[in-house]
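The values are calculated or read from the model by the stated rules, or taken from the named source; none is laboratory data. Computed from a predicted model, the values in this text were never measured in an experiment. Here the Cβ positions follow ideal geometry from the backbone for every residue, glycine too, while neighbour counts run over all protein chains shown. Remember, those area values only see protein heavy atoms, side chains included, never the ligands or the DNA or RNA. Shrake-Rupley method; radii C 1.70, N 1.55, O 1.52, S 1.80 Å.
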Amino acid sequence: MIIIALLACAVITGILLLQPRTLKVTTGTPLTQAGAYEGPGGGTLYVTPSHRLVGAVTLPETPYGSSFIVVPLDSLQPDFEEMQSFFLGDSMVCDYLEQEDGYFLLVNEREKVVYRNADILDWCTLFWLDCSDGTMTTLDKMEAAGIPSFLESADGEVLLGWQGRDSAYINHYDSTTRQRTAIQPVEVRLTFSTPLGGGQYLGFWRDYGGNFQESSLDVKKQLAWVDEEGNLLDSYPCDKDYHVTGTCVVGDRGYALLHHDHRQRCRLLTMNLDRENRKLVNVRYYTLPRIGNSKFTDYDDLVWNEDAGLQLLFLSPYTWDSGASILGTATILDDGTNPPELELHTYWAPQRYLPNGAFQQNGETFYQFSTGSKRVFFQ
């Protein structure tokens, strides 16, 4: 009996040690509202590094389809009179890459072809949106699983990673002529990736095991470190119910935000990057806590703030349906040795505002949240 009891204690202790620890929170200075505007509804708008407001919305003149709009931003006020719009119909925006004179825009045409029970391949089209003359040009088309994503441009090239029927690929495009110069089969196709320098990336990898059409395939989800040729250098398995929705690297310290596939739960993954040996070391999982008395807290947009450090945007509604909520930012306080803590900067809102990202302007950091056609800036 004593031996059985000891074994039971050991098993329980092991299970508890494997459970992610919930991060502690401290209270920081609250956010203040810095501005607001009303605009087209039906989609999310983002502020780009060039201080343009972009995203897919529904315009009054085209109520049966979406349009990708580009709006100049003067201070915190968008100039909708100077807005450019590119009609997409019922296509969904997958990803975009901003250039000085326009955008590479990838859309999903929703023409679904089922190749096996677990996955769907969709037609994706790559466009060039020219802001100098308002034209929209088709550059490429591919049948892809999931959402293709752009990698950081380098040496005059634009790189696009995607998963096809038989392999993963990286497409190479000349950033000047916008012509495809190569299609490169690769071992790993990343999403939500962060460039590490030297042609290396840290991001999320859905590993199909090299045979996408196999109906019994068990897809593995991993945080992966790859080189520019798509070769795997190192990886760390994600919990089977979680997927990565954002990564960030500060020096040799890496972070990944994870969301549950079916529930309102979020985790933070921390690690050190051993660049010499190309290894992910000291990897730790943490549960991100519920804020206040909310039913759940949704975290989004893992962003680097030059003044405050690494931050997460969050939303904590008091009820499951729309209503009053706490929103704000959570600064990750991490010394690399002890478990991180979250320093909360909150704002009480009478409606549920969704986080749309952070941006810097004139040396100050602003955070955008939205509900319907209303967008609000906080700082």
If the label point sits 7 Å along Cα→Cβ of Arg165, residues of the stretch 127-144 with amide N under 20 Å come out as 140-144
Cα-based Rg and Dmax for the stretch 227-379, in Å, come out at 16.5, 51
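Express the accessible area of the stretch 213-329 per residue in Å², computed with a 1.4 Å probe while the remaining protein chains stay in the model. Kindly include the intermediate steps, with their values, before the conclusion.
Numbers: 5430 Å² over 117 residues.
On a per-residue basis, 46 Å².
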Extend 7 Å from the Cα of Thr48 along its Cα-to-C-beta direction; within the stretch 350-373, residues with backbone N under 17 Å of that point are 357-361
Counting only backbone N atoms under 12 Å from a point 7 Å out along Cα-to-Cβ of Lys24, the residues of the stretch 292-312 in range are none
Between the modelled labels at Lys240 and Asp274 (7 Å from Cα along Cα→Cβ) the distance in nm is 2.9
Here the FRET efficiency for Asn305 versus Glu143, based on Cβ atoms and R0 = 41 Å and rounded to 0.05, is 0.55
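Note down the Stokes-Einstein diffusion coefficient of the stretch 169-285 in µm²/s, whole number, using a Kirkwood radius over alpha carbon pairs, 25 °C, and 0.890 mPa s.
Working: Rh = 15.2 Å.
So the translational diffusion coefficient is about 161 µm²/s.
With r as the distance between the Cβ atoms of Trp320 and Trp123 and R0 = 35 Å, compute the FRET efficiency 1/(1 + (r/R0)^6) and round to 0.05.
Values: r = 35 Å, r/R0 = 1.01.
With a Förster radius of 35 Å, E is 0.50.
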For the chain, whose charge dipole is built from +1 on Lys and Arg Cβ atoms and -1 on Asp and Glu Cβ atoms, the candidate among Gln33, Gln84, Trp128 with its Cα farthest towards the positive end is Gln33
Sorting Asp300, Asp133 on solvent-accessible surface, 1.4 Å probe, most exposed first, gives Asp133, Asp300
Net charge near Leu159 (other residues with Cβ under 9 Å of its Cβ; Lys, Arg +1; Asp, Glu -1) is -3
Descending packing, highest mean Cβ count within 10 Å first, for 48-57, 170-179 is 48-57, 170-179
The simple spin-label model distance between Tyr64 and Met92, using points 7 Å out along Cα→Cβ, in nm, is 2.1
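Count the net charge of all other residues whose Cβ sits under 12 Å from the Cβ of His51, scoring Lys and Arg as +1 and Asp and Glu as -1.
Working: positive: Arg52; negative: Asp74, Asp79, Glu98.
Result for the local shell: -2.
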Computed over the Cα atoms of the chain, the Rg and Dmax in Å are 21.9, 82
Bridge orientation stat for the chain from DSSP, antiparallel percent rounded to 5, came to 95
The simple spin-label model distance between Gln77 and Glu364, using points 7 Å out along Cα→Cβ, in nm, is 1.5
Note to self: C-alpha centroids of the stretch 348-379 and the stretch 233-278 sit apart, in Å, by 25
For the Asn338, Ile183 Cβ pair and Förster radius 56 Å, calculated FRET efficiency rounded to 0.05 is 0.75
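Can you tell me the length gained on complete extension of the stretch Val283 to Leu232, counting 0.36 nm per residue apart and subtracting the Cα distance?
Values: separation 51, 0.36 × 51 = 18.36 nm, distance 1.76 nm.
Going from the current span to full extension adds 16.6 nm.
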Beyond 17 Å, the calculated P(r) of the stretch 300-379 holds a percent of Cα-Cα pairs equal to 47
For the chain, the percent of accessible surface on carbon and sulfur atoms (probe 1.4 angstrom, ligands and nucleic acids excluded) is 49
